[in-house]
Each structure stands twice: as C-alpha cells, then as structure tokens.
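A short worksheet on the structure shown next.
The values are calculated or read from the model by the stated rules, or taken from the named source; none is laboratory data. Everything numeric here is computed off the predicted structure, so don't read it as measured data. So basically every Cβ, Gly included, is an ideal-geometry build from the backbone, and we count neighbours across all protein chains shown. Quick note on the areas: whole protein, heavy atoms, side chains included, nothing else; ligands and nucleic acids left out. Shrake-Rupley method; radii C 1.70, N 1.55, O 1.52, S 1.80 Å.
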Amino acid sequence: MITGWGNYIQRNYKANIYYPKELDSLKNLLSKKGLKSLSIRGNGRSYGDSSINKNILSLKKLKKIIKIDKQKLILYCSSNCTIGEINKELLKKNLFFKVSPGTKFVTIGGAIASDIHGKNHHHEGCFSNSVQEIELMTSNGIKIRCSKNKKKTVFKATAGGMGLTGVILFAKIKLKKIKSNYILEKKIISNNLKETLNHYKKYNNWEYIVSWIDMTATKSELGRGITYLGKHIKSNKKKIQQIENMKFFFPSFLLNNFFIIIYNKIFFYFSQIKKKKIVHLNHYFYPLDKIKNWNLFYGNKGFIQIQILLKEKNIYKNLIELIEFFQNKKIYSFVTTLKKLGKRNNNYLSFPDNGYTVTFDIKFNNQIELFYKKLEEKLIEMNAKIYLTKDSLMKRKHFEKSYFELKKFKKIKNKIDKKNIFQSFQSKRLFISE
Ligand SMILES: Cc1cc2nc3c(=O)[nH]c(=O)nc-3n(C[C@H](O)[C@H](O)[C@H](O)COP(=O)(O)OP(=O)(O)OC[C@H]3O[C@@H](n4cnc5c(N)ncnc54)[C@H](O)[C@@H]3O)c2cc1C
C-alpha cells in the first residue's frame, strides 16, 4: 500500500510501481500498450494523493546528475535528486537555493511540479521563479525544453502542474551565494493575532519569516504565537546535527486533544527562553527532518494537512473566524504555521498569491471528512484556496473556483498529453484530467 506523507489511506488498491533505469526504458514504458494512466512520484512528500495512482512511475533508479557552475551561480541537475543531496554539494561552495521548503527530502521534480515556496516568498517568490529551464518528457516519449521565454505555456503548465503534463527530467536553476552555512534566528513572541500579523509588517525586511500559532489559545490571546525570523550570516560554528528515527506508529490514542492543548501551552512558554541564536541552516530550514518518519507520530490512521491561502484583504477577520471554527468543532491542529506570501507568478496552477498561508495538521478520525465539508463551505465564502500538494479532501467545486487559470492549464495538458496518460488520484478527484 502506497500513501502520501500523511499516511492517510483513502482507497484499497494495489499499485504497480515502475522504476526505469534509463531514459530509453522510460520512453518504452510510456508507449506500453494498455497503459491507461500513470502518476509520477518523486520522494512522496506530498501529503495526500498527488503522486498516487494504480500505476506509478518512480525515477529513483535513473542516474542522478548534479553539475554546478559556481561562477554563473547555475545548477544543472536531474529531477530525481533531492534538495538534501544537492545541498551537500552547494554548501561546500557557499551556495544555496533561492527557495527552500521545510524538508530537504523533496526531489527537484517534486519541487517544480508543486512549485513550492519557502519562508521567503515575500522576497523570492516560488521555486520556479529561479528555474531557468525544464527538460520534460511528454507521454509520446518526446523531450521538450521549456522556460519562461521558450515554450512559455508548457513551462507555465508544468511548474505547479502536479506532474500532469509530463515527466520532468532535468532542470537548470539559478542559485544564490551565502556567507556561511549559518543563520541568525530571532524569535519574537506575540500575545494575540494582531501582534502576530503586525510582526510581518515590522520585520518584512528579514530574509525569512514563519510563525507558529498556538491553536489552543482563546479570547484575548487568540492567535498568539512565536515568529521566527532568519537571515544568512558569516559564522564559523561547527555543525552538530543528530537524526532520530521514528520506527513505529505512535499509539494513536495518546495524541488526543488534552495532549495537544498541554503541548501547545508548554511550547509557547519554553520558546521564550532563548530569543536569539545562531543555528545551522539545516536546523533553521528543516527542523522536522531531525526525526525520520515523524509522520508515524499521528498513528496508523495517519493525518491530513490543510494548507489555506487567505487574501490580504480581511485577513484579521478571516483568520480569527477560521481559528474559532476549528476550536468550536474541537478539532485541534497539533502544529499550526503562518507565512506571508508575496505576488503570484504566471504559472497556471501555482498556489501562492498576495496574502497569508496557514497550515493545520490534524490526526485523521472518522469525523474529519464531515468537518472538512463544513470547512470547505467557509473557505469558498472567504475566497480562500487550498494548496494542491497538501490536499487530500478538496472537492471539484472549490478547486475550480479558486484555481482560476485551470482552463488554460487544461488546454496545454490536452495538447501535450493527448492520451491523458498523466493522472493521479487527486487529478481524478478534482476532474483535472477528465
Ligand atoms: C515536512 C514537510 C515540509 C514541507 N514544507 C514545504 C514548504 O515549506 N513549502 C512547500 O511549498 N511545500 C512544502 N512541503 C511539500 C513538498 O515540498 C511538496 O509536496 C513536494 O512536491 C514533494 O516533493 P516529492 O519529491 O516528495 O514529490 P511527490 O510528493 O512524490 O510528488 C509531488 C507532486 O510532484 C509530481 N512530481 C514529482 N516528481 C516529478 C517529476 N520528475 N516530473 C513531473 N512531476 C513530478 C508528482 O506527480 C506530484 O504531483 C513539505 C512537505 C513536508 C513533508
């Protein structure tokens, strides 16, 4: 049984996973008679069913290529390399990605297909903003090079296109120079939502900003939290990083509302101890990677993450309403984060746009689907959008309303994937690949 990172099992099925070792075998697979549909899987860090289908293509066994031009600040790599594998080479040269996600276990293919964003979207935009060229294999086995200037519409459909236009094989990516592998991290406490939101105005010039929100605080403390600011600095501190491995599902009954309330309160008070420190870049960007398979913590039924984009207009009112909606229904998110997003790019299905994005991590139980249905009605009213790479439950109506360039996307998909080979359970659920 193969699942997304949330381990949330939605269907009973047996998946065939294909692992071509060479590009020719990949081409042969795509022309295989009887192959009706196929999803592409990077490293399975999307939370729901974006990379799942009855037939799955994994690029893990293809040769990995990493080439770095330090002078021109250009990376050329195969799409099956993970951010972590590339970082190992980049950091030796004091180079780094312009945009990095919250885990280094994401492949370049996955980063482009989801057009991921980091803690610096307000400055750098999405991952694809630094992608100069993509080499794509379409379902008829033809290789296409596309960029923001060449075959523009294929680029706009592929970056953020959730693997539905073709297989991303290689990419050319612009990098940035850094002074060391260390980050100055500053923690700012906020006692309510107004203060939390104000920090985004006050500290907008910091390179990186992300907040943790205490979802259990109510009344005058509602929306309180910790905002983590970060910037690259010069430092010679030695790297210390330990990796723990979670080997078993955590007993599900222990992660109950009582535990979550206590944990959030303790976290809020203990976080106030050290307000400024120098940390290794791995610690700042990828804190959860210290525990391998931390997703097992949510028990054997798994969990869902709901990542919502709320427009800047009415942000205070809408966030209050949303937090209270969760609290009234007694649905507690174990970890809740908030980030500011900047201007949207031109890609048809990319998620970010001017506003704030908030994530809720919720242990799965039988009421979640019903809860989600009610939440979705609220989100439609608020004109809010759900991030495809985190989604497990969105319905067609909400998707079509919030992804307003869907028609343009479908036009390109129909043109370059005539037989509609690239599909996932998510694309079927949302009728993207009809
Ligand atoms: C702990 C954690 C933190 C995260 N933090 C962030 C964050 O800060 N910002 C953010 O934006 N996201 C974040 N994510 C989500 C993650 O970055 C995306 O889900 C990413 O797409 C996962 O990459 P993957 O290689 O695991 O791809 P998969 O999960 O395997 O696939 C994701 C999508 O990419 C497609 N795809 C994968 N490889 C290819 C390819 N070669 N060609 C074409 N399509 C392909 C798949 O079909 C699928 O639609 C986080 C996830 C986790 C688990």
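A few points about this structure:
- Extreme residue, positive dipole direction of the chain, given options 345, 261, 315 (C-beta unit charges): 345
- Pairwise label distance in nanometres, residue 220 with residue 71, each label 7 Å out on the Cα-Cβ vector: 6.4 nm
- Amide H partners (placed H, <5 Å) of residue 169, local residues excluded: 135, 136, 137
- Cut-off under 5 Å, modelled amide H: who pairs with residue 207 long-range: 230
- 258, 303, reordered so the largest accessible area comes first (probe 1.4 Å): 258, 303
- Within a Gaussian network of the chain (alpha carbon springs, distance under 10 Å), most fluctuating of 183, 320, 421: 320
- Violating pairs (Cα-Cα greater than 26 angstrom) within the set 119/219; 54/418; 64/410; 64/177; 313/339: 119/219; 64/410
- The chain, accessible surface, carbon-and-sulfur percent (1.4 angstrom probe): 52 percent
- With a threshold of 29 Å on the Cα-Cα distance, the over-threshold entries among 172/340; 60/148; 33/148; 343/407 are 33/148.
- Across q = 0.13, 0.14, 0.18 Å⁻¹, region 182-400 modelled as identical point scatterers on its alpha-carbon atoms has Debye log10 I(q)/I(0) values of -0.84, -0.98, -1.56, in the order of the q list.
- Accessible-area order (highest first, 1.4 angstrom probe) of the listed residues 369, 135: 369, 135
- Pairs exceeding 27 Å between alpha-carbon atoms, taken from 290/401; 395/419; 88/152; 374/413: 290/401; 88/152; 374/413.
- 3J(HN,Hα) along region 318-326: 5, 5, 4, 4, 5, 4, 5, 4, 5 Hz, from the Karplus curve 6.51 cos²θ - 1.76 cosθ + 1.60 with θ = phi - 60°, whole Hz, x for Gly and Pro.
- Taking amide H as placed 1.01 Å from N in the peptide plane, the amide H of residue 98 sits under 5 Å from that of 176, each at least 5 places away or on another chain.
- In Å², nearest 10: area of residue 145 left accessible to a 1.4 Å probe: 120 Å²
- For the chain, convex hull volume per residue from C-alpha positions, Å³: 138 Å³
- Taking every C-alpha pair closer than 8 Å and separated by at least 6 residues, the mean separation divided by the residue count of the chain gives a relative contact order of 19 percent.
- Helix-only mean residue ellipticity at 222 nm for the chain, each DSSP H run of n ≥ 4 adding -39500 (n - 2.57), per residue, nearest 500: -7500 deg cm²/dmol
- Normalised per residue, the accessible area of the chain is 46 Å², obtained with a 1.4 Å probe and no contribution from ligands, DNA or RNA.
- Rounded to the nearest whole Hz, the Karplus-based 3J(HN,Hα) values (6.51 cos²θ - 1.76 cosθ + 1.60, θ = phi - 60°) of region 256-271 follow the sequence 9, 4, 4, 4, 5, 4, 4, 4, 4, 5, 4, 4, 4, 6, 5, 5, with x at glycine and proline.
- Here the Karplus curve 6.51 cos²θ - 1.76 cosθ + 1.60, taken at θ = phi - 60°, turns the phi angles of region 285-300 into couplings of 7, 10, x, 6, 5, 5, 10, 5, 6, 4, 5, 5, 4, 7, x, 6 Hz, with x standing for Gly and Pro.
- Surface accessible to a 1.4 Å probe, residue 122 within the full protein complex, Å²: 40 Å²
- Cut-off 12 Å between beta-carbons: net charge of the residues surrounding residue 120, Lys and Arg +1, Asp and Glu -1: +4
- Unit charges on C-beta of K, R, D, E only; dipole of the chain, Debye: 1280 debye
- Placing unit charges on the Cβ atoms of the charged side chains and taking the dipole of the chain about its Cα centre, the candidate lying farthest along the positive direction among 199, 128, 388 is 128.
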